[in-house]
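Undergrad: Take a look at this one; I'll ask things after.
The values are calculated or read from the model by the stated rules, or taken from the named source; none is laboratory data. Bear in mind that the values here come from a model prediction, so they are computed numbers and not experimental data. As a convention, Cβ positions derive from the backbone with ideal geometry for all residues, glycine included, and neighbour counts pool all protein chains shown.
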Amino acid sequence: MQNIYSFNLSPESLATFGNLVDIKGGLKVIFSDFPKGAHAFELIVRLCYNSCGMEITTSNVALLCSAAHFMEMECDDGLGNSSLKPHIEKFLEGIRFWTWSELLEALKQCQDLFTCKGYLEILDRVVDQLIERLVSPCITSPYTCSSSRSSFQFSCDTSSNNSWRNNCSGATWWFEHLLFLRVDLLDKIIRTMISHDFDHGVVSKFLFHYHNFSCVGAAQAEKIEITKFVINLLSLLDLRLISCKDLFNLNRIAIGLKISRCCINQIESLIGPLLDQATIDYLLLPSSQGKSHAYDVDFVIRLVLIFYLGGSYELTLSRLKRVAKMMDLFLVEVAPDPHLKPSEFEALITVLPDNARESHDQLYLAMDMYLKVHAGLSEKEKISICSTLNHEKLSAELLRHLSRNLAFPSEAKPRTHVTKQSRMKTLLQENDHLKHFFDSMFRKSFKNIEVKEDVEKIMYDAEEPTRKGDLEGMQSGTQLASIKKSGIHIMNTAIYLPKLCS
């Protein structure tokens, strides 16, 4: 786009343009893609001639900087014509005294010039100062300094500063102030925040808030673009400081927008490591188009695999058990689905290792429900599904139920001796007094055995003189009779266990 400007120059300016002017002093100048068109060019001219007391302000500094760069007025030309850069630099020295509203005004102007060259330097300074304000303690004074071209003066914008101060109570007070950002400038600001070690938890909250606000009333293509940018920026943060619930909601929105598979994979890689923070409600996502399942089983399997195999931080047994409990609840939810294939149900069962589950009761209930709904399965398919079931991790009640369950193949049922062992184990656990009873009986038995040995020794010593005169062939019955006459009775050491009910 070309901008054409025609004007008459003063005699003092004729030397500057040399042979480009005619004898009447008329000049026609053609600029291609001049930043912000005639308005910016007029500011440059007025500033150069200092007409009407033209000054650099927070509302025009970004525009002047960009226009000066476009017209190559940043350096002296050697003809005695000074550049604009020193004036702009002098003004920017006071950026630390700008009010919050002035910073936002300059940032908005930078955003308007985003497609133009020459504004990046001032944008970096504005963004750095903006983030410095966010990480610094709140300013308690309602008076802040405002910069002008020639001097610094106090600005008494008490309403703006009081509002800012009142909103400083939390770390999210600035969210509403930056919702005007476009995604391209948002990307730069968030990356700068990360480089300044800004709180990742606060940044993630702002990104979700920005996404929700920006998508309201936006066109489909714009929503997709915003969602992609937010997902990319979230991937730069520490996952442990991101809300798992917000990630699941973002994933639902992304699926509804029919976003690319690459972006879906990216957000799933963010959700997977946080799966132990989720609840069963998060997993009940309707199946994608073209599938008759009630819920998206493949989505859940992918998340569990990311959690178990590709987690970004330490996978502890406690975290694994939390996911296993949630998976058991999910299995119970999907088991009655008549469209769920045996291979998919088996994949849900086997996606986690056996040590993740302390009990297989919920797993058994899900299997029982699935086999009853899918009564037409072959014996091979049933055995493949039930092979994961660990009988030792079943309660005694469910173990008895399994032994009589006609829906399960005979190969999957417990054997008789396994059932008896499980019953004994359960009986001892549930009736702890039996254990104490058995222990006391064993201790008493060992004590009686020791008493018997002592009695025999005493009788032997007492009868030793007599035994010397007796015949060597004395029968052992005589000794036993003597022991009985002594009045000492030996307790029978036999122990009888209570009979188990079949």
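Undergrad: Among residues belonging to the stretch 72-115 that are crowded, with 19+ Cβ neighbours inside 10 Å and in a loop (DSSP other than H, G, I, E, B), point out the one that is modelled with the lowest pLDDT.
TA: Checked the stretch 72-115; the qualifying residue modelled with the lowest pLDDT is 73.
Undergrad: Which one is surrounded by the fewest Cβ atoms within 10 Å (Cβ to Cβ) among residues in the stretch 295-334 that are out of contact with any Gly (no Cβ under 7 Å at 6 or more places or on another chain) and among the aromatic types (Phe, Trp, Tyr)?
TA: 313
Undergrad: A further question on this structure: Name the one entry in 317, 305, 275 that is among the hydrophobic types (A, V, I, L, M, F, W, C), within 26 Å of residue 364 (Cβ to Cβ) and more than 16 Å from the chain's Cα centre (by Cα).
TA: The conditions single out 317.
Undergrad: Let me ask you something else. Among the residues of the stretch 205-224 satisfying the criterion of being among the charged types (D, E, K, R) and crowded, with 17+ Cβ neighbours inside 10 Å, which is nearest to residue 129 (Cα to Cα)?
TA: Once the filter is applied, the top-ranked residue is 205.
Undergrad: Same structure again: Kindly indicate whether residue 148 is in contact with an Asp or Glu (Cβ under 7 Å, 6 or more places away or on another chain), modelled with pLDDT under 80 and not aromatic (Phe, Trp, Tyr).
TA: The answer is yes for residue 148.
Undergrad: Residue pairs, Cβ under 9 Å, 6 or more apart or interchain, first in the stretch 206-228 and touching a residue at least 40 places away in the same chain (Cβ under 8 Å) and over 15 Å from residue 180 (Cβ atoms), second charged (D, E, K, R) and surrounded by fewer than 18 Cβ atoms within 10 Å (Cβ to Cβ). List them.
TA: 208/246
Undergrad: Now for a different question. Being in contact with a helix residue (DSSP H, G or I) (Cβ under 7 Å, 6 or more places away or on another chain), farther than 16 Å from residue 264 by Cα and among the charged types (D, E, K, R) is true for just one of 238, 197. Which residue is that?
TA: Result: 238 is the single residue among 238, 197 that is in contact with a helix residue (DSSP H, G or I) (Cβ under 7 Å, 6 or more places away or on another chain), farther than 16 Å from residue 264 by Cα and among the charged types (D, E, K, R).
Undergrad: Going residue by residue through the stretch 195-204, is there one that turns out to be surrounded by fewer than 16 Cβ atoms within 10 Å (Cβ to Cβ), part of a helix (DSSP H, G or I) and over 16 Å from the mean Cα position of the chain (by Cα)?
TA: Yes, the stretch 195-204 has at least one match.
Undergrad: Can you run down the residue pairs with Cβ atoms below 7 Å, 6 or more apart or on separate chains, where the first is in the stretch 94-106 and over 12 Å from residue 125 (Cα atoms) and of a type in the set (Gly, Ala, Ser) and the partner is modelled with pLDDT under 90 and part of a helix (DSSP H, G or I)?
TA: Short answer, once both residue conditions are applied: 101/160.
Undergrad: What number of residues within the stretch 259-273 are touching a residue at least 12 places away in the same chain (Cβ under 8 Å), under 19 Å from residue 284 (Cα atoms) and surrounded by fewer than 20 Cβ atoms within 10 Å (Cβ to Cβ)?
TA: So the count comes out to 3.
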